[in-house]
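Asker: One structure follows; several queries about it will come next.
The values are calculated or read from the model by the stated rules, or taken from the named source; none is laboratory data. This is a predicted model, so every value here is computed, not measured. Cβ atoms come from the backbone with ideal geometry, glycine included; neighbour counts cover every protein chain shown. Keep in mind that these areas ignore ligands, DNA and RNA; they rest on the heavy atoms of the full protein, side chains included. Shrake-Rupley method; radii C 1.70, N 1.55, O 1.52, S 1.80 Å.
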Amino acid sequence: MIDEFAKRDLHQRLRLDRNALLWKLDGLSEYDARRPLTATGTNLLGLVKHVATVEARYFGEVFDRPSPEPLPRWQDSDGSDLWAAEDETRDQIIRFYRRTWEHSDATINELPLDAPGHVPWWSEPCPNTNLFAVVVHVLGETIRHAGHADILREDRAGRQVGRTGQGSEVVSRDVMFVRHAA
């Protein structure tokens, strides 16, 4: 009985955090959604593409339910899922993520939490796992990258941009330091 509640609650949280990640793109121009914001080239649209790829692999290959989306073999992964290619539109990436949700949701809904899975890219002794561990792992990945997206959305003036694209003032540590020192 606890499995039903755990599965429902974890799945609900995953759905909420998927949407939260997409909200980070709200109100952004195409340029701002793609603009590299770190030394490694990370950008907001790339984070969405990466999380979609991660979710497609975990709820697909791990449970022998391959994603209907074309994915390169995990062994050939070169990190290109971390940014949007020139020929990929925002809409294409968002649609890819939403189609991935459908496939992942079907896996979560159709399998019990103790369903066995195998993660070939996890090193020994841990590649054999179950749906519960994978849901927790993917939820953690989604939350982590949504947090990265929050940071990338902040501008240098210390404002955070929320879901509606409206800025709200946040006092930065630097401003607080200057006020305290004065």
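Asker: Under 5 Å between amide H atoms, partner at least 5 residues away or on a different chain: which partners does Asn130 have, H built in plane at 1.01 Å?
Answerer: Under 5 Å from the amide H of Asn130: Gly117.
Asker: To the nearest 10 square angstrom, how much accessible area does Trp74 have with a 1.4 angstrom probe?
Answerer: Looks like 80 Å² after rounding.
Asker: For region 1-107, calculate the relative contact order in percent as a whole number, restricting contacts to Cα pairs under 8 Å that are 6 or more residues apart.
Answerer: Computed over region 1-107, the figure is 30 percent.
Asker: What's the magnitude of the charge dipole for region 38-89 around its Cα centre, counting Lys and Arg as +1 and Asp and Glu as -1 at the beta-carbon? Answer in Debye, nearest 20.
Answerer: 180
Asker: Net charge near Gly41, counting Lys/Arg +1 and Asp/Glu -1 over other residues with Cβ under 15 Å of its Cβ?
Answerer: -2
Asker: Which order do Arg99, Arg8 take by accessible area at a 1.4 Å probe, largest first?
Answerer: Arg8, Arg99
Asker: Still on this structure: With each label point set 7 Å from Cα along the Cα-Cβ vector, what nm distance links Tyr31 and Ser80?
Answerer: Simple spin-label model gives 2.7 nm for this pair.
Asker: Accessible area of region 43-93 with a 1.4 Å probe: how many percent of it is carbon plus sulfur?
Answerer: 50
Asker: Something else about it: Could you order Arg57, Arg18, Arg98 by accessible surface area, starting with the largest, using a probe radius of 1.4 Å?
Answerer: Largest to smallest exposure gives the sequence Arg98, Arg57, Arg18.
Asker: Per residue of region 37-43, in order, report the coupling 6.51 cos²θ - 1.76 cosθ + 1.60 (Karplus, θ = phi - 60°) as ³J(HN,Hα) in whole Hz, putting x for Gly and Pro.
Answerer: Rounded to whole hertz, the list is 10, 9, 4, 8, x, 4, 9.
Asker: Here's something else I'd like to know. Once you put a point 7 Å from the Cα of Asp64 and another 7 Å from the Cα of Asn130, both along the Cβ direction, what distance in nm separates them?
Answerer: Here the modelled spin labels are 1.8 nm apart.
Asker: Now for a separate question. Protein chains only, probe 1.4 Å: how do Ser67, Ser123 rank by accessible area, largest first?
Answerer: Putting Ser67, Ser123 in descending order of accessible area: Ser123, Ser67.
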